[in-house]
Every structure is written in C-alpha cells, then in structure tokens.
Amino acid sequence: MIEIEGLEKRYGDLVAVDNIQLRAEPGRIFGLLGPNGAGKSTTIGCVSGLITPSAGRVRVLGHDVASDGRAARASLGVVPQELALYEDLSARENLAFWASAYGLRGPERARRVTEVLESMGLADRAKEPIKKFSGGMKRRLNFGCAVVHRPKVLLLDEPTVGVDPQSRVRILDLVREQVEAGTCVLYTTHYMEEAETLCDELAIIDHGRIIAQGTLPELRGILGEMDVLRLGGRFDPDAVRTALVGMAGVEIAALDEENVRLAVEAASTKLPALFAAMAQAGAEVRETTLTQPNLESLFIKLTGKELRE
Amino acid sequence: MRYFAAAAKKDLARIAKDPIALLTWVGIPIVLGGLMTLVSSGGGGSSPTAQLVVTDLDDSLLSGFLVGAFGQGPLAEMVEVEQLELEPGRARVDAGDVSAQLVIPAGFGAALLAETPTALELITNPAQRILPGILEESLSMLSEAAFYVHRVFGDQLRDLTQGMDAEAGPSSAEVARISVAIRDSIERLQGTLFPPVLSLASTTRSVEDEQDDLEWTFGILLLPSVLFMALFFVAQGLSEDLWVEREQGTLRRAAIAPAPFAQFLLGKLGAGAVVFAGVTAVGLFVGCSWHGLPLSRLPACVLWAALSGLVLQLLLLTMQSLASTRRAGSILTNVALFPLLMIGGGFLPLEALPDGMAAIGSWTPNGWAMIQLKEVLLYGRTGLAFGGAIVVQLAIGALLFLVTHARLSRSFLQA
C-alpha cells in the first residue's frame with residue numbers, strides 16, 4: 001500500500017508537486033494521468049526515496065520513506081521512464097546484479113533470475129549483451145529488473161513511452177500479472193487509453209496538483225454525459241462567445257481565433273443549432289471533431305487543454 | 001558486504017568486456033615511456049665515434065704528442081685515429097669511409113718551438129656534419145693547449161727536442177737537467193695554480209649515502225613515472241564511469257535499492273583495486289626483470305601502487321561528482337590530470353625536473369606517492385615510514401570517499 005499525504009516538492013520558486021494526497025491499495029492499479037511536466041515523475045521520485053520532498057509524508061507498506069527508507073525501499077520495485085540497464089552486460093548478469101541489490105543470494109537468486117527471464121520471454125537470449133537487444137526486449141528486461149525481487153509495491157513511470165504496440169501489450173500484461181499476484185501498482189502515464197483500460201483508480205494531475213481523482217465511473221460522473229466538440233477554422237472569439245452563451249447544455253472549454261472546444265450535452269442533437277449560431281457569429285468552420293466522453297474530455301473540461309499538449 | 005562483492009564483480013565484468021579501453025589507458029604511458037627512454041639513451045647503442053686519418057709529414061716529437069693527444073682522456077672515446085700516408089688518407093676521405101684527414105705539415109714541431117706560423121690541414125668528409133665538427137673543435141682546443149704548454153715549458157721542450165734529434169739521443173745529465181727545470185717550473189706555478197685554499201674534509205659515509213651513489217639509469221627512474229601515468233589514466237577512465245552509470249539510469253536504480261549506496265560505490269573501488277593491482281604487478285614485474293631490480297620488493301610495491309591508484313580514482317571521482325555535466329567533468333579532471341602528471345614526475349622522473357619544480361612536485365598526490373614507491377622499489381625501505389605512508393593514504397582515501405558519497409547522494413543523482 002502507498003499512502004501519500006500533503007506531498008509537496010519545490011525547486012526554488014517552481015512548485016513541481018503541490019499538496020498531493022492519494023492512497024494506492026494492494027492488488028489494484030492506481031494511475032497518475034497527466035501531461036508531460038505535470039509532476040508525475042517527481043511524485044514517483046518522492047515515493048521511491050530518490051527525491052526528498054519539501055513537505056508531506058509518503059508511506060510504503062506503513063514504512064515512512066523519509067525515516068524508514070531502507071525498509072520502504074525493500075518492498076518497492078521501480079520501472080523508470082528511461083531504461084536503467086547495463087548495456088554491456090547480458091540479461092542474466094543484469095538481473096543477477098539487481099537481484100543482489102535487493103538482497104537475493106545464491107540458488108534463490110539464480111532460480112528467480114531464470115523465472116524472470118522466462119516470464120519476460122528472454123530466456124533464449126539470456127547470455128547476450130543487451131546492446132544487441134531490440135527496444136522492446138530492453139523494455140521487458142527493464143521491467144524484469146524491477147520485479148526480480150518480487151516487490152509488494154510497484155512503481156511504473158510511463159513504462160510504455162516509445163515502445164512498439166506489441167511490446168506495449170506485453171508490458172501491460174506483465175503489469176496485470178503483478179496485480180493478480182497482489183502487488184500494489186502506482187502507474188503514471190499520459191496515454192489516456194492506457195489509463196482507461198488498465199487502472200482501477202485514477203488521479204488526473206496538472207501543474208503538480210491533482211485536479212480530479214476516483215474510479216473511472218466516478219470520473220465520468222464528473223464529466224456527465226457531455227461530448228467534446230472541436231471546431232477548427234477562423235473565429236472571432238468575442239462573437240462566438242456571445243453567440244453560444246445561453247445555449248442550454250453547451251460549455252466553452254477553450255476558445256481562440258483558430259480553435260473552439262466545447263463540452264456539449266447530447267451533441268448530435270444540437271449540431272444544427274450550434275452551426276447556425278457559429279455562422280451567425282461570422283465563424284468559418286473548416287474542421288469538426290466530435291468525441292464521446294472519456295478521460296481526455298474530462299481533462300479538457302477541467303484544464304481547457306488537451307492531455308498531450 | 002555481499003552487495004559490495006556483487007557490485008565489484010559487475011564492474012569488473014564491464015571492464016573486461018571493453019579491453020580496448022584498458023589497453024589504451026595502459027598502452028599510452030608505455031609508449032610514451034619507451035619513447036622517452038629511447039630518446040634519453042640514444043636507442044641504447046654505442047656512441048658514434050669520429051674516424052680520423054692522420055698524415056704526419058713532420059714526424060717529430062711534438063707532432064707525435066699531437067697525434068697521441070687524440071688517444072688520451074675523453075677524446076679517446078670520441079675519436080678513432082688511423083695513421084696513413086697523404087694519398088691513401090685522401091682516398092679514404094673521398095670514399096666517405098672516414099670523418100676527416102689531419103695533415104701535419106713538415107717542420108710543424110720546429111715552427112711551434114720557434115713560434116713561427118704554421119698550419120695544420122683538416123680535410124673533412126662533406127657527407128658528415130656532426131663528427132667532423134667535433135674533430136675541428138677538438139683540434140682547436142689542442143692548439144690552444146699547445147700554445148700554453150709552450151709558454152710554460154718552451155725551453156725544456158726545445159732542449160728535449162734537440163736532444164731527441166741528436167744521433168745518440170739526450171744524455172742522462174740532459175734528461176736530469178730538463179726534469180729538474182720542469183719540476184722548478186711546476187713549483188713556481190704551484191702558488192698560482194694551486195693556492196692553498198683547498199682543505200681536506202673528513203666525513204663518515206652512511207649506508208644510505210652509498211646507496212644514493214648507486215647509478216640509477218634513466219630507464220629505472222622512469223619506471224615509476226610510467227607506472228603512475230598508467231595509474232592516472234586508468235583512474236581517469238574509471239572515474240568517467242560515473243557519468244556512464246548516470247546516463248544509462250543505473251546510478252538512480254542503485255540509489256533506490258535497499259542495499260547501501262556506499263557499497264555500490266565501494267564496489268567501483270573494489271573493481272578499480274583489482275585493475276590497479278593487475279596493471280602494477282605486470283608493469284613492475286616486467287620493469288624489475290628488465291632492469292635487474294629485486295623481485296622480492298614487488299608485493300609491497302604492488303600494495304602501495306594499488307592503494308595510490310585508488311586514491312587517485314577517488315580524487316577524480318570527487319571531481320566528476322562536482323561537475324554539472326559530463327563534458328565539465330572531463331574538462332575538470334583533465335585540467336587536474338595533466339599538470340599533476342607533468343609536475344608530479346609522471347612524464348619525466350622528478351630527478352630530471354628542475355629543483356624548484358621537483359620540490360613542488362614532491363607534494364602533489366602522485367609525486368608524493370611515487371617517491372614512496374621509489375623508496376620501496378629502489379631501496380627496499382618498508383619500515384615504519386612506509387607504514388605511516390599507508391595510513392596517510394588510507395586517511396586521504398576515506399576523506400575523499402565521504403565527499404564523493406555525499407555529492408552523489410545529494411546533488412549528482414537528483415540533478
């Protein structure tokens with residue numbers, strides 16, 4: 001279990017993480033969803049003990065990371081965003097070394113290394129230097145190094161960034177296997193689909209603050225049944241705002257001279273009225289996209305910007 | 001401590017998988033040392049000698065003295081004299097077989113005694129430049145010497161020459177008279193040439209003095225320099241691994257593992273110790289065998305050199321940890337490495353440096369360590385002073401380790 005209370009990390013005037021509160025349970029995946037630079041990796045760094053928080057408390061299985069760091073770290077497995085492997089060593093040597101770092105010795109270590117090699121699908125190339133591996137194979141080994149000591153808590157910091165679709169599916173399966181074994185997982189991503197399909201509970205983070213938190217149905221509840229309508233073209237923002245204000249079930253999420261984003265209730269029934277209002281405002285609409293409610297539309301509703309921006 | 005062993009094993013495996021790097025670290029000092037030895041010893045071959053053909057057309061006592069002078073003292077090592085007639089001698093010069101031909105004209109001795117002008121003819125080999133130059137200079141010095149000898153012993157030489165020219169040679173009475181005259185001249189000059197300002201000082205020589213007098217060749221003195229140059233390059237290469245580990249993310253992963261990070265760092269030093277000891281053992285074994293130094297001193301030398309290598313590695317690790325980028329780290333360590341090598345006797349033995357520079361160099365980390373190594377390697381001194389030096393090295397190493405560990409834990413990892 002991971003408990004985070006009032007976590008804060010400042011770098012001078014910059015607030016990287018601002019009053020984060022969350023609780024991740026065993027056998028469940030807690031997702032931290034947010035754009036790049038939102039504070040996800042800083043949060044992971046504070047949980048792993050690599051970064052010293054400016055304020056707040058982090059506990060892993062009841063062990064305070066600040067005051068009882070060694071016990072807390074012993075229960076943790078961390079899959080970093082970037083690869084953390086010795087390129088000139090073999091997969092077996094890498095796994096054996098990291099197993100030693102987590103206290104595994106002798107036959108137990110050898111047995112566990114073999115198990116992980118097999119579960120990662122790397123057993124047949126265990127003795128090759130990993131610099132000969134493909135990117136996907138390295139990603140799997142990177143994951144293997146984090147779970148070789150059977151951690152009770154697993155931190156994954158955007159483990160699928162830059163990974164081919166096949167390896168991504170394999171990594172997500174490996175995460176689910178860990179959860180089925182009772183592991184508590186804290187998973188950061190900026191891929192909305194990944195968070196929706198994988199996570200049991202989610203916190204949406206932006207500028208270091210959690211702006212929404214809950215299970216997927218709970219988050220959808222915040223959004224209601226509103227669709228997201230994106231319009232591209234040339235707009236007079238003031239005229240568009242005047243034309244749309246007062247339309248029932250329509251909220252302006254973002255508006256500038258080239259883009260309009262709207263949260264619209266039952267958008268398909270309102271499209272004719274919307275286009276008429278836009279025409280009246282002198283808008284020149286060249287592109288229209290209608291999206292069903294999802295985490296991204298929630299993010300847009302809450303922040304006025306897209307998740308990948 | 002099992003994690004320390006695993007970390008050391010891991011780093012040794014990584015070093016072993018990049019043998020080119022290790023060979024480069026060790027190879028550069030060996031090549032430089034070899035070249036410097038060759039330059040200083042002239043390649044180890046015999047010194048070149050000038051071949052001089054002498055044609056003595058005078059055949060007098062004084063011309064005989066002149067020819068004989070080339071076979072005396074240091075000139076004898078530089079000049080090989082062969083007496084030939086005029087034409088065969090000229091033919092040897094023309095064929096390029098000899099450096100020069102000296103022709104002593106008839107009447108040379110008489111002219112010298114009469115103080116009338118005379119000329120020696122030196123025909124040089126145009127294909128050679130240095131050796132004929134040496135002969136010309138030597139001949140000029142001999143002419144100067146002849147002038148002063150004539151000033152002092154002119155009368156006696158004249159008498160002796162006349163006596164020699166007589167059919168029966170000089171009588172015993174003449175020889176005695178000339179000898180007494182020469183002795184009188186020397187006694188007269190003694191007050192001028194040998195003023196009684198010289199005093200005899202009596203000192204008792206110690207064993208150390210006698211050992212100091214042992215003739216160490218340049219090659220022997222250069223051996224510790226080459227060794228420390230290699231240790232410095234190896235230490236530099238090993239210290240850069242900090243950046244490799246940081247860039248490939250393994251340093252962070254090590255920092256968040258429950259095993260103490262200090263053991264991870266100690267593992268690096270453990271691997272370094274093995275490399276330092278290996279390089280030192282092989283280098284000193286070859287060096288001692290080559291120069292005939294006792295192999296019984298090897299264990300102490302290897303211990304000291306490996307310990308010194310570790311301290312150099314820690315010094316450079318500390319510098320790397322202070323840098324903000326890999327490039328800055330490289331510049332910082334290079335800025336320290338090359339001046340330290342230069343002034344600390346890494347490129348040339350301290351004995352070959354100017355006194356002031358050698359005095360400063362003896363206080364540099366490598367210079368001081370090298371002096372201690374020479375004490376053991378050349379003189380076999382492994383007593384209390386050697387033990388004290390080990391304690392000092394360990395204390396410096398411990399201090400540097402603490403600084404490096406603190407830097408890595410706080411700033412370097414979180415940057």
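The values are calculated or read from the model by the stated rules, or taken from the named source; none is laboratory data. Because the structure is predicted, anything quoted here is derived from the model rather than measured. FYI the Cβ positions are ideal-geometry reconstructions off the backbone, even for glycines, and counts take in every protein chain you see.
Tell me, which helices (runs of 4 or more DSSP H) lie completely within the range B:162-242 with 3 or more residues that are modelled with pLDDT under 70 and either of a type outside the set (Asp, Glu) or in contact with a helix residue (DSSP H, G or I) (Cβ under 9 Å, 6 or more places away or on another chain) (or both)? I'd like the intermediate steps shown before the answer.
On the way: elements: B:172-193, B:207-212, B:218-239.
The qualifying helices (runs of 4 or more DSSP H) are B:172-193, B:207-212.
Within the range B:78-91, residues that are closer than 14 Å to B:Gln51 by Cβ sit with their Cβ atoms under 7 Å from residues that are hydroxyl-bearing (Ser, Thr, Tyr) and at pLDDT below 85, at 6+ positions apart or across chains, in these pairs: B:Met78/B:Thr49; B:Val79/B:Thr49; B:Val79/B:Ser138; B:Glu80/B:Thr49. Considering each residue of the range A:12-34 in turn, none proves to be under 20 Å from B:Phe264 (Cβ atoms) and either surrounded by fewer than 16 Cβ atoms within 10 Å (Cβ to Cβ) or within 14 Å of another protein chain (Cβ to nearest Cβ) (or both). What helices (runs of 4 or more DSSP H) lie completely within the range B:272-389 and have 3 or more residues being in contact (Cβ under 8 Å) with a residue 24 or more places away in the chain? Per the criteria, B:298-322, B:326-343, B:365-379. For the condition more than 30 Å from the chain's Cα centre (by Cα) and either surrounded by 13 or more Cβ atoms within 10 Å (Cβ to Cβ) or assigned to a helix (DSSP H, G or I) (or both), A:Pro272 qualifies.
Confirm whether B:Thr124 is closer than 30 Å to B:Arg183 by Cβ and among the hydroxyl-bearing types (Ser, Thr, Tyr). Here the answer is no, as B:Thr124 does not meet what is asked.
For A:Arg59, the requirement of being without any contact (Cβ under 8 Å) to a residue 24 or more places away in the chain, more than 8 Å from every other protein chain (Cβ to nearest Cβ), assigned to a strand (DSSP E or B) and touching a strand residue (DSSP E or B) at 6+ places or on another chain (Cβ under 6 Å) is not met.
Anything in the range A:234-251 that is surrounded by 11 or more Cβ atoms within 10 Å (Cβ to Cβ), assigned to a loop (DSSP other than H, G, I, E, B) and modelled with pLDDT under 90? List them, or say none. A:Met247, A:Gly249, listed by residue number. The set of residues from the range B:3-16 being at the interface with another protein chain (Cβ under 8 Å from one of its Cβ atoms) and surrounded by fewer than 16 Cβ atoms within 10 Å (Cβ to Cβ) is empty. Residue check: A:Glu257 meets all listed conditions (1) out of contact with any Pro (no Cβ under 8 Å at 6 or more places or on another chain); (2) farther than 29 Å from A:Leu202 by Cα; (3) in a loop (DSSP other than H, G, I, E, B); (4) of a type outside the set (A, V, I, L, M) but one, namely (1).
Assuming B:Leu377 fulfils every condition listed in (1) touching a Lys or Arg at 6+ places or on another chain (Cβ under 9 Å); (2) buried (at least 20 other Cβ atoms within 10 Å of the Cβ); (3) of a type outside the set (Gly, Ala, Ser); (4) over 23 Å from B:Ile30 (Cβ atoms) apart from one, which condition is it? Unmet for B:Leu377, out of (1) touching a Lys or Arg at 6+ places or on another chain (Cβ under 9 Å); (2) buried (at least 20 other Cβ atoms within 10 Å of the Cβ); (3) of a type outside the set (Gly, Ala, Ser); (4) over 23 Å from B:Ile30 (Cβ atoms): (4). Within the range A:36-45, the set of residues being within 20 Å of A:Glu25 (Cβ to Cβ) and either more than 11 Å from chain B (Cβ to nearest Cβ) or hydroxyl-bearing (Ser, Thr, Tyr) (or both) comprises A:Lys40, A:Thr43.
From the list A:Glu265, A:Glu177, A:Glu201, A:Glu257, the one residue that fits, being touching a residue at least 40 places away in the same chain (Cβ under 8 Å), on the phi < 0 side of the Ramachandran plot, among the charged types (D, E, K, R) and in contact with a Phe, Trp or Tyr (Cβ under 8 Å, 6 or more places away or on another chain), is A:Glu201. Here the condition is being touching a strand residue (DSSP E or B) at 6+ places or on another chain (Cβ under 8 Å) and within 14 Å of another protein chain (Cβ to nearest Cβ); of A:Leu104, A:Leu154, A:Leu141, A:Leu95, it holds for A:Leu154 alone. Being at pLDDT 85 or above, within 38 Å of the chain's Cα centre (by Cα) and not hydrophobic (A, V, I, L, M, F, W, C) holds for only one residue in B:Gln72, B:Gln101, and it is B:Gln101.
Within the range A:146-174, the set of residues being in contact (Cβ under 8 Å) with a residue 60 or more places away in the chain and part of a helix (DSSP H, G or I) comprises A:Ala146, A:Val147.
Considering the range A:70-92, the residues that are within 22 Å of B:Phe4 (Cβ to Cβ) and surrounded by fewer than 17 Cβ atoms within 10 Å (Cβ to Cβ) include one that is farthest from the other protein chains (Cβ to nearest Cβ), namely A:Ala71.
What residue, among those in the range A:95-114 that are more than 23 Å from B:Ile256 (Cα to Cα) and of a type outside the set (S, T, N, Q), is farthest from the chain's Cα centre (by Cα)? Show your work before the answer.
First, the residues of the range A:95-114 that are more than 23 Å from B:Ile256 (Cα to Cα): A:107, A:111, A:114.
Pick out the ones that are also of a type outside the set (S, T, N, Q) and you get A:107, A:111.
Numbers: A:Pro107: 36, A:Arg111: 32 Å.
That would be A:Pro107.
Considering the range B:245-262, and only residues there that are facing chain A (nearest Cβ under 9 Å) and among the hydrophobic types (A, V, I, L, M, F, W, C), the residue that is surrounded by the most Cβ atoms within 10 Å (Cβ to Cβ) turns out to be B:Ala257. Scanning the range B:115-136 for residues that are part of a helix (DSSP H, G or I) and surrounded by fewer than 12 Cβ atoms within 10 Å (Cβ to Cβ) yields a single hit, B:Ile130. Against the conditions (1) facing another protein chain (nearest Cβ under 10 Å); (2) outside any strand (DSSP E or B), A:Ala66 satisfies every one except (1). If you go through the range B:62-79 and keep only what is in contact with a Leu (Cβ under 7 Å, 6 or more places away or on another chain) and either surrounded by fewer than 16 Cβ atoms within 10 Å (Cβ to Cβ) or farther than 30 Å from B:Asp155 by Cβ (or both), you end up with just B:Val79.
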